[in-house]
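The values are calculated or read from the model by the stated rules, or taken from the named source; none is laboratory data. All values reported here derive from a predicted model rather than from experimental measurement. So basically every Cβ, Gly included, is an ideal-geometry build from the backbone, and we count neighbours across all protein chains shown. Heads up: the accessible areas ignore ligands, DNA and RNA and are worked out on the full protein's heavy atoms, side chains in. Shrake-Rupley method; radii C 1.70, N 1.55, O 1.52, S 1.80 Å.
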Amino acid sequence: MSNQKIKQDATGCIGKNIREIRLSRGIGQTELVRKAQLMGVPLTRETLVKIERGIQHIQVVQLRAIRDILETTYDELLK
């Protein structure tokens, strides 16, 4: 189940929310990716860029890790 993906619609709201929250926390893309990889989550900077732009689906395991790293909630990420 860990490779289950969440499809973003054309607005890419999940990715936009991730980017906004990440920036508000002062965390760079490289830092977020590094922390996710230390948690054993398959995430590259290229993948994060695509997720934030809304052009790539996000895996459930990636969303969970990003939520934990950014210390936020699913509600904030999915609004």
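Details
- Where a residue in segment 52-78 is closer than 22 Å to L38 by Cβ and its partner, wherever it lies, is of a type in the set (S, T, N, Q) and outside any loop (DSSP other than H, G, I, E, B), with Cβ under 9 Å and at least six apart: E52/Q29; Q56/T47; I58/T47; Q62/T47; L70/S24; T72/N17; L77/N17
- Check on L43, under 11 Å from the mean Cα position of the chain (by Cα) and part of a helix (DSSP H, G or I): no
- Annotation: I66 fulfils all but one of (1) in a helix (DSSP H, G or I); (2) modelled with pLDDT under 95; (3) not charged (D, E, K, R); the unmet one is (2).
- Listed conditions (1) assigned to a helix (DSSP H, G or I); (2) open to solvent by less than 80 Å² (accessible area, probe 1.4 Å); (3) at pLDDT below 95 are all met by D75, apart from (2).
- Set side by side, the residues Q59, Q8 differ, and just one is touching a Pro at 6+ places or on another chain (Cβ under 8 Å) and modelled with pLDDT under 95, which is Q59.
- Search result, residues across segment 27-42 that are touching a Leu at 6+ places or on another chain (Cβ under 9 Å), more than 22 Å from K79 (Cβ to Cβ) and either open to solvent by less than 30 Å² (accessible area, probe 1.4 Å) or in contact (Cβ under 8 Å) with a residue 40 or more places away in the chain (or both): V33
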